[in-house]
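Chemist: Supplied in structure tokens, the structure appears directly below.
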Amino acid sequence: MNKPQIAVSVLSSDFGHLAQEIASLNISGADLYHLDIMDGHFVPNLSFGNPLVKAIAPLAMLPLDAHLMVTNPGAYVESFSQMGVKYFSFHQETVYHPHRLIQEIKAAGMKAGIALNPATPLSTLDEILPDADFILIMSVNPGFSGQAFISNMLRKVEHLKESITAQTLSTLIHVDGGVTADNARALIDAGADILVSASYVFGSGDYARAISNLKNA
Ligand code: DX5
Ligand code: ZN
């Protein structure tokens, strides 16, 4: 059975003991560090930006996956690439010129991803899908960890996978929000390549076990 990669969102980690948290996660079996960048404008929450990414980067032994929930994601391309970020996703809802931004992200040496809110249709990707390295399907409304998975998003992942297959693309699908061991297998079967998790992993008390549960769901 195909296994997903797991991107652990540091949003739910204990920021007072960040170095210890990262040290534990480095050996947890996770595949990526998911960095939830929130500006308090596009989403109703403020998280962190360049200073914290700079603190995490030298401690992290896994690639960094930055999810920009900000109205000006282009402003972070240069600094994030310099700090070693590998995956950079922006929200389709925030930019006028997604094609241009994708080219900028790739030129900076990163993988370019487009994130879609739950209510944003897949048809907004029609002309741009071949340019993106990955698509991030939000399965909660962005802004907070710990929300319940929106079940209609399973169908959305299936439809996206169908489009990717029909066009013989190698676009990866990330699914972000409300992922647990209970829905992980359905998401993988629907076509998810990378599962993002915050509260399921951090609420478990045993990061390695929780990640193994997701991978082997
Ligand atoms: C939500 C973030 C998610 C969030 C996931 O806006 O983009 O990455 O941290 O948290 P859980 O896994 O708790 O839904
Ligand atoms: Zn996220």
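The values are calculated or read from the model by the stated rules, or taken from the named source; none is laboratory data. On a predicted model such as this, the values are computed, not experimentally measured, just so you know. Note: ideal-geometry Cβ built from the backbone for every residue, glycine included; neighbour counts use all protein chains shown. We work out accessible area using only protein heavy atoms, side chains counted, and drop any ligands, DNA or RNA first. Shrake-Rupley method; radii C 1.70, N 1.55, O 1.52, S 1.80 Å.
Chemist: Select from PRO51, PRO73, PRO98 the residue whose mean-square fluctuation is largest in a Gaussian network model of the chain (Cα-Cα springs shorter than 10 Å).
Modeler: PRO51
Chemist: Here's something else I'd like to know. Take the chain, connect every pair of alpha-carbon atoms lying under 10 Å apart with a spring to form a Gaussian network, then pick out the residue of HIS34, HIS17, HIS91 with the largest mean-square fluctuation.
Modeler: Taking springs between Cα atoms under 10 Å, the residue moving most is HIS17.
Chemist: Here's a follow-up. Can you give the FRET efficiency for ASN26 and GLN147, using 1/(1 + (r/R0)^6), R0 = 30 Å, r = Cβ-Cβ distance, to the nearest 0.05?
Modeler: About 0.65, to the nearest 0.05.
Chemist: Just going by the charge dipole of region 5-215, with Lys and Arg at +1 and Asp and Glu at -1 on Cβ, which of LEU64, ALA75, THR168 is farthest out on the positive end?
Modeler: After comparing all options, I get LEU64.
Chemist: Okay, next question. I'd like the accessible area for GLU158, computed on protein heavy atoms only with a 1.4 Å probe and all protein chains in place. Round to 10 Å², please.
Modeler: GLU158 has an accessible surface of roughly 70 Å² with all protein chains in place.
Chemist: On to the next question. Grab the DSSP H runs of the chain that are 4 residues or longer, score each as -39,500 (n - 2.57), total them, divide by all residues and round the 222 nm result to the nearest 500 deg cm²/dmol.
Modeler: -8500 deg cm²/dmol, from helical runs alone.
Chemist: Here is a follow-up. With charges only on Cβ, +1 for K and R and -1 for D and E, what is the dipole size of the chain about its Cα centre, in debye, rounded to 20?
Modeler: Roughly 260 debye for the chain.
Chemist: Using 0.36 nm times the number of residues separating LYS86 and LEU18, minus their current alpha carbon distance, what extension gain do you get? Don't skip to the answer; put the middle values down first.
Modeler: On the way: separation 68, 0.36 × 68 = 24.48 nm, distance 2.04 nm.
Difference between extended and current length: 22.4 nm.
Chemist: Next question. With labels modelled as points extended 7 Å from the Cα through the Cβ direction, what inter-label distance (nm, one decimal) is found for GLU93 paired with THR168?
Modeler: Here the answer is 3.6 nm between the modelled labels.
Chemist: So for THR124, THR94, THR71, what's the accessible-area order with a 1.4 Å probe, most first?
Modeler: Listed by decreasing accessible area, they come as THR71, THR124, THR94.
Chemist: Quick one, what does Rg over Rh come out to for the chain if you take C-alpha atoms and the Kirkwood Rh?
Modeler: On the way: Rg = 15.9 Å, Rh = 17.1 Å.
That ratio is 0.93, to two decimals.
Chemist: Ignoring everything but the protein chains, give the 1.4 Å probe accessible area of VAL201 in square angstrom, nearest 10.
Modeler: 0 Å²
Chemist: Here is a follow-up. Over region 5-215, what is the relative contact order in whole percent, taking alpha-carbon pairs under 8 Å and six or more residues apart?
Modeler: 21 percent
Chemist: Another question, then. Taking the alpha-carbon distance from LYS161 and a cut-off under 29 Å, which lysines remain once sequence neighbours fewer than 8 residues away in the same chain are dropped?
Modeler: Partners found: LYS3, LYS86, LYS106, LYS111, LYS215.
Chemist: Please report the Cα spread of region 64-118 along all three principal axes, rounded to whole Å, starting with the longest.
Modeler: 28, 20, 16
Chemist: Now a separate question. Once fully extended, how much extra length lies between GLN103 and SER79, figured as 0.36 nm per residue of separation less the alpha-carbon to alpha-carbon distance?
Modeler: Gain on extension, GLN103 to SER79, equals 7.0 nm.
Chemist: May I ask for the distance between the Cα centers of region 174-217 and region 32-63, given as a whole number of Å?
Modeler: When both Cα centres are located, 20 Å separates them.
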